[in-house]
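J.: I am attaching a structure below and will ask some questions about it afterwards.
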Amino acid sequence: MAKELKFVMLLDCYGDLLTDHQRSIMELYYCEDLSLAEIGQPLDITRQAVRSIIKRTEDILLNYEEKLGFAERLRKMRECFHNIEAAAEHITDENTRNIILSETAKGGELL
């Protein structure tokens, strides 16, 4: 998994556990794809300070995932739903196929 995608997923799972400042900087960096300078300028902090906050927050997110494992479980559940949907496409009974596809769509929305 690409590093950027990994941290976006971790931020999605654990972002509410971060301070507003940490979450904001991580969202600007990983979700909005802003540079360190673009993030630091309006906050009146240096590029190095932004990088330091990002590195510390990455460590925090990785620690949460190591201890709790929610992002990995979520990834595996999404993969299972995808596999069920792919298998359902081969079911010849249209009613059964539609029921399975409908239920997996509902399950996917819950994730």
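J.: Taking the chain as the reference, fit the longest principal axis to its C-alpha atoms, fit the long axis of helix 70-88 to the helix C-alpha atoms, and give the angle between the two in degrees, 0 to 90, nearest 10.
T.: Orientation of helix 70-88: about 30 degrees from the principal axis.
J.: Pop out the ³J(HN,Hα) list for segment 5-12 in order, Karplus 6.51 cos²θ - 1.76 cosθ + 1.60 with θ = phi - 60°, rounded to Hz; leave Gly and Pro as x.
T.: 4, 4, 6, 5, 5, 5, 5, 5
J.: So with the 1.4 Å probe, I'd like the accessible area per residue for the chain, rounded to whole Å².
T.: Ligands and nucleic acids excluded, the result is 68 Å² per residue.
J.: If I model a spin label as a point 7 Å beyond the Cα along the Cα-Cβ vector, how far apart are those points for LYS67 and GLU103 in nm?
T.: Reported label-point gap for LYS67 and GLU103 is 3.7 nm.
J.: Considering only LEU11, LEU36, LEU101, give the residue with the highest GNM mean-square fluctuation for the chain, with springs between Cα atoms whenever their separation is below 10 Å.
T.: LEU101
J.: Of all the accessible heavy-atom surface of the chain, with the other protein chains kept in place and a 1.4 Å probe, what percent is carbon and sulfur?
T.: 53 percent
J.: Select from LEU110, ALA87, LEU68 the residue farthest towards the positive end of the dipole of the chain; place +1 on Cβ of Lys and Arg, -1 on Cβ of Asp and Glu, and compute about the Cα centre.
T.: Value computed over the given set: LEU68.
J.: Only one of the values [x] -0.48, -1.01; [y] -0.61, -1.04; [z] -0.58, -1.23 was calculated from this structure for log10 I(q)/I(0) by the Debye sum over Cα atoms at q = 0.13, 0.21 Å⁻¹; name its label.
T.: [y]
The values are calculated or read from the model by the stated rules, or taken from the named source; none is laboratory data. Please read all numbers here as calculations on a predicted model, not as lab measurements. Virtual Cβ from ideal backbone geometry, glycine too; neighbours counted across all protein chains shown. The area values use the complete protein model at the heavy-atom level, side chains included, leaving out ligands, DNA and RNA. Shrake-Rupley method; radii C 1.70, N 1.55, O 1.52, S 1.80 Å.
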